Amino acid sequence: VPRSVRSADHVLADSQATRDDLVALYDVPESKITVLLSGVDARFAPVSDDAELSRVRQRYALPHTPFILSVGTVQPRKNYARLIEALAQLRAEYPALHLVIAGGRGWLEDPIYESLDRLNLRGAVTFTGFADDADLPALYTLARAVALPSLYEGFGLPVLEAMACGTPVVTSNISSLPEVAGDAALLVDPLDIDALAAALRQLLADESLRAGLRARGLARAATFTWERSARQLLEVYAHMLSADLPAL
């Protein structure tokens, strides 16, 4: 990455947080970077087809009791170990509550699995492995809440996808995630297990809060379109080309 950003004529960052990191860590001039936000595909929307919901539930062996969903590769920066600790707290009040983690196996994952035995949660956490993109809208729709308490994200697309599907979100108050979530999700310190559990408890118990976040999430997700991203990218190319053309 350091060599790439030095040699590039221009750099696209997918969030202001990433741009700030490039400036701070690699000393890239701010004028050389454009923040180009991602979009969310139109197929991410609440799923009302019972047959589709049933198919996805069966395919991934999802519980028939309420569950929290987290989407992403099983690795340390996704902060799954603390999310599992938060689940342990919530199970004291909601003994039927489950956690579903949809993502392929990553690295340094053993402590995550070991925590299940330590907390006696083997039967309460489902690892689906890699989930097909086509199945994600139904997965989000089936979830009671989505949790993405990551320690670092370049953007955080699952936050947008969940909001587009009408599912309330708890996510981190650091890195790029506040840029994506805006006021349409609950933001918590990802290192604070009690705060994470408290935010999820709110979503499980407060129907008024859930309805408000659902409405704000749907509206916010609708503003992140790939068409907008494409138009912005076209403007970057046009500016670069015009700067390179000789004066007439």
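The values are calculated or read from the model by the stated rules, or taken from the named source; none is laboratory data. All of these numbers come straight from a predicted model, not from anything done at the bench. Reconstructed Cβ throughout: ideal geometry from the backbone, glycine too, with neighbour counts over all protein chains shown. Just the protein is used for accessible areas: all its heavy atoms, side chains included, with ligands, DNA and RNA removed. Shrake-Rupley method; radii C 1.70, N 1.55, O 1.52, S 1.80 Å.
The table below gives the values:
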item	result
Count of region 42-75 residues which are open to solvent by 40 Å² or more (accessible area, probe 1.4 Å) and in contact with a strand residue (DSSP E or B) (Cβ under 9 Å, 6 or more places away or on another chain)	5
Elements of type strands (runs of 3 or more DSSP E) contained in region 113-202, each with 3 or more residues being more than 15 Å from the chain's Cα centre (by Cα) and farther than 26 Å from Gln16 by Cα	125-129
Any hit, region 227-243, residues being open to solvent by less than 60 Å² (accessible area, probe 1.4 Å), polar (S, T, N, Q), part of a loop (DSSP other than H, G, I, E, B) and touching a Gly at 6+ places or on another chain (Cβ under 9 Å)	no
Residue among Leu83, Leu108 that is under 18 Å from Leu151 (Cβ atoms) and either open to solvent by less than 20 Å² (accessible area, probe 1.4 Å) or assigned to a helix (DSSP H, G or I) (or both)	Leu83
Of all residues in region 140-152 being out of contact with any Gly (no Cβ under 9 Å at 6 or more places or on another chain) and not aliphatic (A, V, I, L, M), the one that is most open to solvent (accessible area, probe 1.4 Å)	Tyr152
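Here's the yes/no breakdown for (1) surrounded by 14 or more Cβ atoms within 10 Å (Cβ to Cβ); (2) without any contact (Cβ under 8 Å) to a residue 60 or more places away in the chain:
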position	(1), (2)
Thr167	yes, no
Val180	yes, no
Val188	yes, yes
Leu196	yes, no
Ala205	no, yes
Ala215	no, yes
Ala221	yes, no
